[in-house]
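Visitor: Quick one: this structure, given as C-alpha cells, is what I'll be asking you about.
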Amino acid sequence: MEVVGEAADGREVSELAARTRPDVVVMDVSMPHLNGIDATRMLKEAFPEIRVLALSGYEESVYIRRMVEAGATGYVLKRAATAELLRALRLVANGALYFDPAAARRLDGLITRPTAKGSGKDKPDLTPRETEVLRLIAWGFSNKEIAAKLGITVKTVETHRARSMEKLDLQSRAAIVRLAIDQGWLHDSS
C-alpha cells in the first residue's frame with residue numbers, strides 16, 4: 001500500500017483524487033468545510049471507480065447508513081485495531097465490502113430490500129448452504145476462502161452464489177451486503 005495524498009478537509013478530496021487517482025480513499029465522516037458524507041457523494045459522482053472506506057468515531061446508524069448511501073463500500077470505527085483497518089483496506093481495494101462488526105450491528109433492520117422476485121416474504125427462499133455462502137460473501141471472504149471454510153470446491157461456491165443471486169434478483173456484492181444486513185447475518189463471521 002502506498003499513501004498518495006492527504007486532504008485537510010472535505011473540499012480538497014475530489015481535487016486531490018483528480019491529481020492522484022487513488023484506488024481507495026479513507027474518508028473521515030467528520031471533516032471541516034464539507035463533511036465526509038457529502039465529500040463521498042461528490043467523489044463517487046466524479047470518480048465512480050474509486051472505492052471509499054469510511055473511518056469514523058461515529059457508531060450511530062444514521063452516519064453509517066448515510067455513508068453507504070453516499071457510496072462508501074466499507075465502514076471502520078476509529079477504535080478498531082490497526083490490523084482490522086488494514087484488513088478493511090485490502091478487502092475494499094479488492095472490490096469487497098467491509099463493515100466493522102459493531103457498525104454492522106447498528107444497521108440491522110434499517111435497510112430493507114425485497115428478498116425475492118415478486119415475493120413479500122420476510123426471509124429469502126434459499127437453501128441453508130446458499131445462505132451460508134451469501135453470508136460469507138457479505139463478510140468479504142473470497143470464493144477460495146469460502147470453499148476452504150466450508151470444505152467444498154470453488155466451483156460449488158460459484159454455483160451457490162449464482163443461484164442465490166438469481167433467486168433473489170441481486171446484481172452486485174453490495175446488494176448481497178444489504179441483504180445480509182437486513183437479515184441479521186453479519187453478527188459473527190464464523
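Visitor: Expressed in nm to one decimal, what extension gain is obtained for the pair residue 45 and residue 169 from 0.36 nm per residue of sequence separation less their Cα-Cα distance?
Guide: 42.1 nm
Visitor: Please turn the phi angles of the range 69-86 into ³J(HN,Hα) values with the Karplus equation 6.51 cos²θ - 1.76 cosθ + 1.60 (θ = phi - 60°), one per residue in order, whole Hz, x for glycine and proline.
Guide: Values, residue by residue: 4, 6, x, 5, 10, x, 8, 10, 7, 4, 7, 5, 5, 4, 4, 5, 4, 5 Hz.
Visitor: So how compact is the chain: Cα radius of gyration and Dmax in angstrom?
Guide: Gyration radius and largest Cα-Cα distance of the chain: 17.0, 51 Å.
Visitor: Still on this model: Grab the eigenvalues of the alpha-carbon gyration tensor for the range 12-107, scale each by 5, take roots, and send me the semi-axes largest first in whole angstrom.
Guide: One finds semi-axes of 20, 15, 11 Å for the range 12-107.
Visitor: Using +1 on the beta carbon of Lys and Arg, -1 on that of Asp and Glu, and nothing else charged, what's the dipole of the chain about the Cα centre, debye to 20?
Guide: So the magnitude is around 600 debye.
Visitor: Restricting to the range 12-107, what percent of DSSP beta bridges are antiparallel, rounded to 5?
Guide: The antiparallel fraction comes to roughly 0 percent.
Visitor: Check residue 54: other-chain or 5+ apart residues with amide H under 5 Å from its amide H, H built from backbone geometry?
Guide: For residue 54, the qualifying residues are 27, 73, 74, 75, 76.
Visitor: Hey, another quick one. So for the chain, if I pair up every lysine 8 or more residues apart or on another chain, how many of those pairs have alpha-carbons under 26 Å apart?
Guide: 11
Visitor: Name the long-range amide H neighbours of residue 34: under 5 Å, sequence gap of 5 or more, or other chain; modelled H, no Pro or chain starts.
Guide: The list, which skips near neighbours in sequence, is 10, 11.
Visitor: Then there is this: Ordered by residue, what ³J(HN,Hα) values in Hz, to whole numbers, does the range 138-149 give under the Karplus form 6.51 cos²θ - 1.76 cosθ + 1.60, where θ = phi - 60° and Gly and Pro are x?
Guide: 4, 6, x, 6, 6, 4, 5, 5, 5, 4, 5, 5
Visitor: How high is the FRET efficiency from residue 93 to residue 129, r the C-beta distance, R0 22 Å, rounded to 0.05?
Guide: The calculated FRET efficiency here is 0.15.
Visitor: Per-residue ellipticity at 222 nm for the chain, helices alone: DSSP H runs ≥ 4 residues times -39500 (n - 2.57), over residue total, nearest 500 deg cm²/dmol?
Guide: Per the formula, -14500 deg cm²/dmol.
Visitor: Express as a percent, rounded to the nearest 5, the fraction of DSSP beta bridges in the chain (both residues included) that run antiparallel.
Guide: 0 percent
Visitor: Stick to Cα atoms and the Kirkwood definition of Rh, then tell me Rg/Rh for the range 128-183.
Guide: That ratio equals 0.93.
Visitor: Compute the distance in nm between two label points, each set 7 Å from the Cα along the Cα-to-Cβ direction, one at residue 82 and one at residue 154.
Guide: 3.2 nm
Visitor: If I model a spin label as a point 7 Å beyond the Cα along the Cα-Cβ vector, how far apart are those points for residue 102 and residue 162 in nm?
Guide: For the pair residue 102/residue 162, the computed spacing is 4.1 nm.
Visitor: Could I ask something else about it? From the residues 98, 74, 126, which one has its Cα farthest along the dipole of the chain in the positive direction, the dipole being from +1 and -1 charges on Cβ of Lys/Arg and Asp/Glu about the Cα centre?
Guide: The listed residue farthest towards the positive side: 126.
None of the figures in this text is laboratory data; all of them are computed from the coordinates on show. Quick caveat, the model's predicted, so the values are computed rather than measured. Because the Cβ atoms are built from the backbone with ideal geometry, glycine has one as well, and the counts that use them run over all protein chains shown.
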